[in-house]
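Novice: The structure under discussion is supplied below as structure tokens; questions concerning it will follow.
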Amino acid sequence: VSDFPGIEEDIKRAEQSVELLGGFDETRVESAPPDIIEESTRPKPSKPEKKKKEVSHSEDKVGTQSKNYIVYTIGGALVLCLLGTGFIYYTNSSRYAKANQTFAQCQDALEKHDFSTTDTLCNEALVDAKKIRFLKTDERDQLINNIEQTLSSETLQQGLAGNVKYNDHYISIASFESIEKFNKLVVIGEKSYSEEDWIHAVDYVSQAIEIAAANPDIDQSLLPQLKEKQNKARFFAAYNKGVELTHQKLWKEAGLELTTATTALSHLEKETQNKYKVKISHLHQEVSYHSLLRDADDLYDSGQWEQADVTYKEILSKNDVYLETHPEQVSKLQEKIATAELYSAIQAGKVAFSNSNWDLAIEKYNSAINLLNENKQSLSEVSSEENSKKLSRIKLQASIIRDQQGAALELKKKNYTQAIENFQSIIKSINQSPFSAEEEFFLVMEDTKKSVELTRDEMSINSKTDYLNKNYQKIFIENFPAATPESLGEPKIEYVKKIDDKLLFKMECLETGGGRPLRLVINYLFDPATGKWSFYTP
């Protein structure tokens, strides 16, 4: 064996020594050395006495050496025998101890359901036990028997096949492990439940339910009770968290928890439902109100006034139950609504103004002015008088620009009457506003008055030009009797200037009646006061 190299040779040597000891006989001549035998049978010669003594001394010396050799041989054999016997004893004892220890490890692995390790260790222990010789034979036989019983046991054979014993029958190891995990989860879940550690109770019990639902080897009759505890733990976990988040003003998160609590509450007993139903309802109303209010405030703060206004009004209509118990919130909402409407109108007016949509801009600014006047108390933080004046000024500017552009368009179309109406609308708007004395608007009004006069002159000039174009032949014949209407053509009418409020026109035409064509010219003067024409000579 690896622990005692050369042991077989040592054992053999010890056995030979034992045989040597057992076969020795002092009376046998054959056992004496050959030279001693020869010396005893040889005839003695006749020699002097002295020489005889020498011979006798030599024989004694040889006899002593022979005896020493035998003693040493016997002693060596005894030593080898003792060493061999001790070595054999030590070797067998070590093998027995090792086999016993390995078998103990094998049994420990079996208890832990480590069947592969169990099989390996027991087979190792069996090999070691069968190598034991001479000593501890009873203990060895008992150990071998125990090992063989373990190796052939149903527990190990089932384990090697992937099964383990549970409730008097064998199930798969995977199923058994899930059962153990289920049992552990139930224990720690029950502990958390009893300590009202609801969050962990939900976690552990939910895991246990999930495992039980997937494993038919687990007693399914436990599920209803576990689910009841799961719902109760889930309710209190969500309810307590919802209350905590409400105090922290985390409204959206609180709403989610309270919704979970409401769902879990519907699965609990009626007594618990009646106890918490009203509380959750009140919390939901508070959360709903503040959650919507937070959304509206975000829109308000980002300048989305119209959307904010719509959301504020929705809050006011949907949360009447909460607002009944919190009347202070009503006034805050009304102020927010009035402010949102005001800023929404102003914003719409600005957009319309930038897009040159003057009528819409005037409409929105006018709405904003009315909101300021109607909500002076609600808009306490807004300077109504100052802002109303600013809005009125912007509205007047929009109306002036609108009428100026309208007048220009009408002039382009030669709709002089409509153009004059637009100019007069500007003058009227300025006169009726509180800004007529301001230089900006005073200058605008003066320029507009001049535009009215110029438009009127242009309208008159245009109408008189049309009149002269239509009647040029008649007018020229009156001044040139020799001319005939058929000989006059190619009229050209030109407004020259204004002389003492009278309009001077220059008339030309081409006469082709006889001979060389002649260009005829007349200066004609119109008096708007009398409506009469006259020839003009510079």
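The values are calculated or read from the model by the stated rules, or taken from the named source; none is laboratory data. Since the structure is predicted, the reported quantities are computational estimates derived from the model, not experimental observations. A quick note on method: Cβ atoms are made from the backbone with ideal geometry, for glycine too, and the neighbour counts reach across all protein chains shown. Accessible surface areas use protein heavy atoms only, side chains included; no ligands, DNA or RNA. Shrake-Rupley method; radii C 1.70, N 1.55, O 1.52, S 1.80 Å.
Novice: Anything in region 371-383 that is closer than 23 Å to Glu314 by Cβ and in a helix (DSSP H, G or I)? List them, or say none.
Specialist: Leu371, Glu374
Novice: Of everything in region 307-345, what is in contact with a Lys or Arg (Cβ under 7 Å, 6 or more places away or on another chain) and closer than 17 Å to Lys395 by Cα? Give them in sequence order. Break it down into steps so the answer makes sense when it comes.
Specialist: Step one: of region 307-345, the residues in contact with a Lys or Arg (Cβ under 7 Å, 6 or more places away or on another chain) are 312, 337, 345.
Within region 307-345, just Ala345 meets the criteria.
Novice: Assigned to a helix (DSSP H, G or I), among the charged types (D, E, K, R) and within 20 Å of Ile199 (Cα to Cα), is that true of Lys241? Full working, then the answer.
Specialist: On the way: assigned to a helix (DSSP H, G or I): yes; among the charged types (D, E, K, R): yes; within 20 Å of Ile199 (Cα to Cα): yes.
When the stated conditions are applied, Lys241 passes them.
Novice: For region 514-524, enumerate the residues that are open to solvent by 30 Å² or more (accessible area, probe 1.4 Å) and closer than 25 Å to Ile461 by Cα.
Specialist: Narrowing region 514-524 to residues open to solvent by 30 Å² or more (accessible area, probe 1.4 Å): 514-519, 521, 523.
Of everything in region 514-524, those that are open to solvent by 30 Å² or more (accessible area, probe 1.4 Å) and closer than 25 Å to Ile461 by Cα turn out to be Arg519, Val521, Asn523.
Novice: Within region 164-177, does at least one residue satisfy the condition of being touching a strand residue (DSSP E or B) at 6+ places or on another chain (Cβ under 7 Å), hydroxyl-bearing (Ser, Thr, Tyr) and at pLDDT below 90? Walk me through how you get there before you give the answer.
Specialist: Here is the first cut: in region 164-177, the residues touching a strand residue (DSSP E or B) at 6+ places or on another chain (Cβ under 7 Å) are 164, 170-173, 176.
Filter once more, so that each one left must be hydroxyl-bearing (Ser, Thr, Tyr): 170, 172.
With the extra rule that they be at pLDDT below 90, the set shrinks to 170, 172.
Yes - at least one qualifying residue is present in region 164-177.
Novice: Next up: Which one of Lys414, Lys395, Lys389 is at positive phi and more than 46 Å from the chain's Cα centre (by Cα)? Give the steps one after another, and end with the answer.
Specialist: Numbers: Lys395 fails: at positive phi; Lys389 fails: at positive phi.
On inspection, the qualifying residue turns out to be Lys414.
Novice: How many residues are at pLDDT below 90 and among the charged types (D, E, K, R) if we restrict to region 205-239?
Specialist: Matching residues across region 205-239 total 2.
Novice: What about Ser344, is it under 47 Å from the mean Cα position of the chain (by Cα) and over 22 Å from Lys313 (Cβ atoms)? Spell out how you get there, then give the answer.
Specialist: Numbers: under 47 Å from the mean Cα position of the chain (by Cα): yes; over 22 Å from Lys313 (Cβ atoms): no.
Spelling it out, it is not the case that Ser344 is under 47 Å from the mean Cα position of the chain (by Cα) and over 22 Å from Lys313 (Cβ atoms).
Novice: (1) without any contact (Cβ under 8 Å) to a residue 24 or more places away in the chain; (2) surrounded by 14 or more Cβ atoms within 10 Å (Cβ to Cβ): which one isn't true of Ile280, the others all being true?
Specialist: Here Ile280 meets the rest and fails (1).
Novice: Taking the options Val164, Val186, name whichever one is buried (at least 17 other Cβ atoms within 10 Å of the Cβ), of a type in the set (A, V, I, L, M, F, W, C) and closer than 30 Å to Ala238 by Cα.
Specialist: Values: Val164 fails: closer than 30 Å to Ala238 by Cα.
From the options Val164, Val186, the qualifying one is Val186.
Novice: Within region 461-482, which residues are exposed (fewer than 14 other Cβ atoms within 10 Å of the Cβ) and either more than 17 Å from Phe535 (Cβ to Cβ) or under 60 Å from the mean Cα position of the chain (by Cα) (or both)?
Specialist: Across region 461-482, the qualifying residues are Asn462, Ser463, Asp466, Asn469, Lys470, Ala482.
Novice: Within region 519-538, how many residues turn out to be hydrophobic (A, V, I, L, M, F, W, C) and within 15 Å of Pro491 (Cβ to Cβ)?
Specialist: So in region 519-538, the residues hydrophobic (A, V, I, L, M, F, W, C) come out as 520-522, 525-526, 529, 533, 535.
Cutting the leftovers down to within 15 Å of Pro491 (Cβ to Cβ) gives us 520-522.
Residues that pass the stated criteria total 3.
Novice: Related question: Among Gln347, Gln307, which is the only one that is free of Cβ contacts under 8 Å to residues at least 24 places away in the same chain and either among the polar types (S, T, N, Q) or closer than 16 Å to Gln285 by Cα (or both)? Even if it seems obvious, please write down each step before you answer.
Specialist: Details: Gln347 fails: free of Cβ contacts under 8 Å to residues at least 24 places away in the same chain.
Exactly one residue qualifies, and that residue is Gln307.
Novice: Could you please give the count of residues in region 289-304 that are touching a residue at least 24 places away in the same chain (Cβ under 8 Å) and open to solvent by 50 Å² or more (accessible area, probe 1.4 Å)?
Specialist: Total meeting the criteria: 1.
Novice: I want to confirm something. Restricting to region 121-153 and keeping residues that are open to solvent by less than 70 Å² (accessible area, probe 1.4 Å) and either touching a His at 6+ places or on another chain (Cβ under 6 Å) or β-branched (Val, Ile, Thr) (or both), which single residue is modelled with the lowest pLDDT?
Specialist: In this case the residue turns out to be Thr137.
Novice: Turning to a different aspect of this structure: Can you name the condition, by its number, that Ile420 falls short on among (1) surrounded by fewer than 19 Cβ atoms within 10 Å (Cβ to Cβ); (2) within 18 Å of Asp457 (Cα to Cα); (3) touching a residue at least 12 places away in the same chain (Cβ under 8 Å)?
Specialist: For Ile420, the exception is condition (1).
Novice: Then there is this: Report whether or not Tyr536 is open to solvent by 40 Å² or more (accessible area, probe 1.4 Å), closer than 15 Å to Asp457 by Cβ and of a type in the set (Phe, Trp, Tyr).
Specialist: On the way: open to solvent by 40 Å² or more (accessible area, probe 1.4 Å): yes; closer than 15 Å to Asp457 by Cβ: no; of a type in the set (Phe, Trp, Tyr): yes.
Criteria not met by Tyr536.
Novice: Please go through region 483-513 and give me each residue that is assigned to a loop (DSSP other than H, G, I, E, B), in contact (Cβ under 8 Å) with a residue 24 or more places away in the chain and surrounded by fewer than 18 Cβ atoms within 10 Å (Cβ to Cβ), ordered by number.
Specialist: Step one: of region 483-513, the residues assigned to a loop (DSSP other than H, G, I, E, B) are 483-484, 500-501, 512-513.
With in contact (Cβ under 8 Å) with a residue 24 or more places away in the chain added as a condition, the list becomes 483-484, 501, 512-513.
Across region 483-513, the qualifying residues are Thr484, Asp501, Thr512, Gly513.
Novice: Assuming Asp466 fulfils every condition listed in (1) in a helix (DSSP H, G or I); (2) in contact with a Phe, Trp or Tyr (Cβ under 9 Å, 6 or more places away or on another chain) apart from one, which condition is it?
Specialist: Condition not satisfied by Asp466: (2).
Novice: Within region 308-317, identify whether any single residue is polar (S, T, N, Q) and modelled with pLDDT under 90, and answer yes or no.
Specialist: As a first pass, look at region 308-317 and keep what is polar (S, T, N, Q): 311, 317.
Right, trim to modelled with pLDDT under 90 and you get 317.
Looking through region 308-317, at least one residue is polar (S, T, N, Q) and modelled with pLDDT under 90.
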